[in-house]
1. Do you know which residues across segment 28-55 are farther than 15 Å from Asp114 by Cβ and buried (at least 18 other Cβ atoms within 10 Å of the Cβ)?
2. Scan Ala76, Ala85, Ala64, Ala97 and give me the residue that is of a type in the set (A, V, I, L, M, F, W, C), in a helix (DSSP H, G or I), surrounded by 17 or more Cβ atoms within 10 Å (Cβ to Cβ) and assigned by TED's automatic domain parsing to the domain that holds Ala38.
3. Can you tell me which residues in segment 117-134 are of a type in the set (A, V, I, L, M) and in contact (Cβ under 8 Å) with a residue 24 or more places away in the chain?
4. One residue is enough: does segment 51-60 have a residue meeting the conditions within 17 Å of the chain's Cα centre (by Cα), outside any helix (DSSP H, G or I) and in the same structural domain as Ala97 (by TED's automatic domain parsing)?
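The values are calculated or read from the model by the stated rules, or taken from the named source; none is laboratory data. On a predicted model such as this, the values are computed, not experimentally measured, just so you know. FYI the Cβ positions are ideal-geometry reconstructions off the backbone, even for glycines, and counts take in every protein chain you see.
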Amino acid sequence: MVSMTQTSVPRWAWDASAPAAEPDLRGRVFTLLVLPGAGDVADRWTATLAGRDVRRQDCGDIDAAVAALRADLAAARVGHRVLVAGTARECLAVRAAGVRAGLGDDEMTFGVVDIAERAVWCVHCDTTTHAAVEIDAVVPCTGCDRRLLVHPHVSRLSGAYLGFMVDAETLASEGAVA
């Protein structure tokens with residue numbers, strides 16, 4: 001198994017015992033994106049940021065959170081911070097949108113309420129499978145039905161884990177076409 005401290009997967013996305021994230025109080029304006037089930041984290045952050053310019057958006061899903069992020073970033077200036085509260089899969093997806101928009105990791109804070117579900121991108125058919133699966137475990141691809149090994153690598157631009165056929169070398173050496 002790969003050392004998780006030496007992967008592209010942020011600790012908050014794989015370690016349920018990771019300390020709770022706190023907002024960067026050096027920020028001047030805060031966008032707070034709250035996904036379902038993460039109200040407790042958002043309420044704690046709101047209390048911590050009392051008296052500051054906080055733009056709280058309660059979002060029903062990842063698409064709504066990304067749309068709210070884009071809208072707020074359209075008028076963002078230096079000192080803008082983004083806080084996202086949700087599951088690890090949701091936070092990774094919103095983080096990817098933030099990275100694509102030009103945000104740095106130091107401008108984003110994540111409050112993760114669950115790490116069980118992952119988005120796994122299949123290198124064979126370009127499908128992303130969403131499933132409750134551990135890193136280094138195997139999940140069937142919803143696109144090509146290959147058995148994908150969930151590799152401890154997350155794309156910063158898509159928020160998905162890398163998945164590839166677990167027994168590709170075995171099948172290839174037996175004469176099967178992968």
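1. Residues satisfying the conditions are Phe30, Thr31, Leu32, Leu33, Trp45, Thr46, Leu49, Val54.
2. Result: Ala97 is the single residue among Ala76, Ala85, Ala64, Ala97 that is of a type in the set (A, V, I, L, M, F, W, C), in a helix (DSSP H, G or I), surrounded by 17 or more Cβ atoms within 10 Å (Cβ to Cβ) and assigned by TED's automatic domain parsing to the domain that holds Ala38.
3. Ala119, Val120, Val123
4. yes
Conditions (1) among the β-branched types (Val, Ile, Thr); (2) in contact with a strand residue (DSSP E or B) (Cβ under 7 Å, 6 or more places away or on another chain); (3) surrounded by 20 or more Cβ atoms within 10 Å (Cβ to Cβ), marked per residue:
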residue: Leu92; (1), (2), (3): no, yes, yes
residue: Val120; (1), (2), (3): yes, yes, yes
residue: Asp126; (1), (2), (3): no, no, no
residue: Thr129; (1), (2), (3): yes, yes, yes
residue: Ala132; (1), (2), (3): no, yes, no
residue: Cys144; (1), (2), (3): no, yes, no
residue: Val150; (1), (2), (3): yes, yes, yes
